[in-house]
Amino acid sequence: MQEDFLHYIWKHKKIDVTNLKTTNGEVITILSVGQHNVNAGPDFFNAQLKIDNQLWAGNLEIHIKSSDWFLHNHEQDKAYDNVILHVVWEHDTNVYRKDNTTIPTLELKEYVSKSALNNYQQLFSKTNKWINCEEDFANVDNFMMQNWLERLYFERLERKAEGINQLLKTSKNDWEAILFKMLAKNFGLKVNADAFLSIANTVDFSIIRKLQNNQTSLEALFFGQADLLSSDVQDPYFQSLTKEYQFLKQKFSLSNENITPIQFFRLRPSNFPTIRLSQLAGLYNKEQNLFSKINETHTIKDFYSLFSTETSPFWKSHYTFDKDSKNSKKQLTKAFIDLLMINTIIPVKFAYAKYQSKQVEEDIVKLMKQITFEKNNIIEKFNSLKKVSNSALQSQSLLQLKNEYCNKNKCLQCAIGNSLLTK
């Protein structure tokens, strides 16, 4: 038995509320269960009850056993002076206020249905499961499931928006600069995300604005800050970048001493940092005022067009500076743009809309439903239990579900867990 289950029972009135009595036989009428408190202090604030026709307003504390009151030293804490009802699973002792008056106690085990208790025990009893509800997941109502997943997606998006708001504070409220940092991080993918972000953090965006008309200058800037121009390569393109970077370094007082090292290991050649940095330079050379254009773009087709960019000519026959390769056009793929949409573009659009107190939820849902769902172990496992991921909206939601609910055993805060408890 967990206190979280008792919180759930009380909060959602999963008991026979028509015949409640204290352990002393006093009739309890619930007018308001109160406000659930997840921080320090009593478990529910501002509850309203009638106990034997006496109206009470105050706080509630919930424990497995009544004696837990003393185990937690509540009798010495002023925060518990206004507790009007002690809700417990098992009553084993009376508890008192500081003035020695007895706090009424409700023993829940007398009022919880056997089916609810059995469902709870079934949900949490078995160990070594991927998720607690994996045996019942396939039978969850589809309509409820999709509504819950949409809510989870915006929960995840809110968290991403908080990170963007932190960047806003250090970027002088320059949304173009924030977009550049977010794009740089995601162009680095998982392996080089921190490295690419560290590069972006060493370059004031005003420098990007000044160099946007010259892709070679942008590449020299990015490669130089990434410390990719320090080797001895005789190729004319490499030499021109090195010369340009030395000029830019002196002109803008640049330093790359604290850059996170770039990694090539375990990357496919198409994801080499050289290719991604050249594509990032190509994007900013191609598109002026990119942030403004993102906010003016509303269809996935137009986003694919907006982010249709490629490397400079040198990289068509190279993946690294010192070795030739088969000639190929290295353009941003739709799959890569989808990742940018999921991890950068839509979060930035959402954060900016919140900043302006605008509602864009419907537009975001529409966009996310047009993007192919991500493929990873978590999504594959969920889909093996029940085919629930048809788009990026669901795949992002399922990541939130697994990481923030399933892994933390927060079934009682999950709509799926709730539905299984009341089946």
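Dividing the summed helix terms, -39500 (n - 2.57) for each DSSP H run of n ≥ 4, by the number of residues in the chain produces a 222 nm estimate of -13500 deg cm²/dmol to the nearest 500.
Helix 114-125 and the longest principal axis of the Cα set of the chain meet at an angle near 40°.
Average 1/r across all pairs of distinct alpha carbons in the chain, invert it, and you get the Kirkwood radius: 25.7 Å.
Taking the charge dipole of segment 96-229 about its Cα centre, with +1 at Lys and Arg Cβ atoms and -1 at Asp and Glu Cβ atoms, the residue from A226, N100, W148 reaching farthest to the positive side is N100.
Phi angles of segment 411-423 translate, via the Karplus equation with coefficients 6.51, -1.76, 1.60 and θ = phi - 60°, into HN-Hα couplings of 4, 6, 9, 9, 4, 5, x, 4, 5, 6, 5, 9, 5 Hz per residue; Gly and Pro are given as x. Between the amide H of H318 and those of S325, distances stay under 5 Å, these residues lying 5 or more places away or on another chain, with hydrogens modeled in the peptide plane.
Equivalent-ellipsoid semi-axes for segment 182-253 (Cα gyration tensor, √(5λ), whole Å, largest first): 20, 16, 10.
The angle between the Cα long axis of helix 392-401 and the longest principal axis of the Cα atoms of the chain comes to about 50 degrees, rounded to the nearest 10.
Whole-Hz Karplus values for segment 286-292 come out as 7, 10, 8, 6, 4, 4, 4 Hz, taken residue by residue from phi with 6.51 cos²θ - 1.76 cosθ + 1.60 and θ = phi - 60°; glycine and proline positions read x. Accessible surface area normalised per residue over the chain is 51 Å², counting heavy atoms of protein chains with a 1.4 Å rolling probe. The simple Förster model, with R0 at 35 Å and r as the Cβ-Cβ distance, assigns K423 and Q48 a FRET efficiency of 0.70.
Applying a DSSP loop filter and a limit of 16 other Cβ atoms within 10 Å to the trypsin sites (Lys or Arg not before Pro) in segment 102-171 leaves K126, K129. Applying 1/(1 + (r/R0)^6) with R0 = 41 Å to the Cβ-Cβ distance of L71 and Q35 gives a FRET efficiency near 0.95. Of the solvent-accessible surface of the chain, computed with a 1.4 Å probe over protein heavy atoms with every protein chain present, carbon and sulfur atoms account for 46 percent. If I take R0 = 41 Å and measure r between the Cβ atoms of T23 and N118 in this structure, what FRET efficiency does the formula 1/(1 + (r/R0)^6) give, to the nearest 0.05? Rounded to the nearest 0.05, the efficiency is 0.95. For segment 246-345, trypsin sites (Lys or Arg not before Pro) meeting the loop criterion (DSSP other than H, G, I, E, B) and having at most 14 other Cβ atoms within 10 Å: R266, K326, K329. Here segment 52-116 and segment 212-250 have alpha carbon centers that stand 70 Å from each other. For segment 122-255, the Kirkwood hydrodynamic radius comes to 18.7 Å, computed from all pairs of different C-alpha atoms. Projecting the Cα atoms of L340, L393, A353 onto the dipole axis of segment 317-423, where Lys and Arg carry +1 and Asp and Glu carry -1 at the beta carbon, places L393 farthest toward the positive end.
Here segment 352-392 yields Rg over Rh of 1.17, to two decimals, using C-alpha coordinates and the Kirkwood radius. Of the residues C414, A177, A281, the one whose Cα sits farthest toward the positive end of the charge dipole of the chain, with +1 on the Cβ of Lys and Arg and -1 on the Cβ of Asp and Glu, is A281. Using only Cα coordinates, the Kirkwood hydrodynamic radius of segment 1-103 works out to 13.8 Å. Placing +1 on the Cβ of every Lys and Arg and -1 on the Cβ of every Asp and Glu, with no other charges, gives segment 38-194 a dipole of roughly 660 debye about its Cα centre. Alpha-carbon geometry of segment 192-332: the Rg and the Dmax are 15.1, 46 Å, given in that order.
Here the simple spin-label model places points 7 Å from the Cα toward Cβ, and for M1 and Y237 these points are separated by 7.2 nm. The angle between the Cα long axis of helix 346-355 and the main principal axis of the chain comes to about 70°, on a 0 to 90 degree scale.
Summing Cβ point charges (Lys, Arg +1; Asp, Glu -1) relative to the Cα centre of segment 285-393 gives a dipole of roughly 260 debye.
If you sort the three axes of the alpha carbon gyration tensor as a ≥ b ≥ c, you get a/c of 1.5 or more for segment 83-157 and a/b above b/c, which makes it prolate. Relative contact order of segment 256-342, taken over Cα pairs closer than 8 Å and 6 or more residues apart, is 28 percent. Dipole size of segment 246-320 about its Cα centre, with +1 on Lys/Arg Cβ and -1 on Asp/Glu Cβ: approximately 220 debye, rounded to the nearest 20.
The values are calculated or read from the model by the stated rules, or taken from the named source; none is laboratory data. Every value quoted in this text rests on a predicted model; they were computed, and no experiment measured them. Methodologically, a virtual Cβ is constructed for each residue, glycine included, from the backbone with ideal geometry; neighbour enumeration extends over all protein chains shown. These area figures cover heavy atoms from the full protein model, side chains too; ligands, DNA and RNA do not enter into them. Shrake-Rupley method; radii C 1.70, N 1.55, O 1.52, S 1.80 Å.
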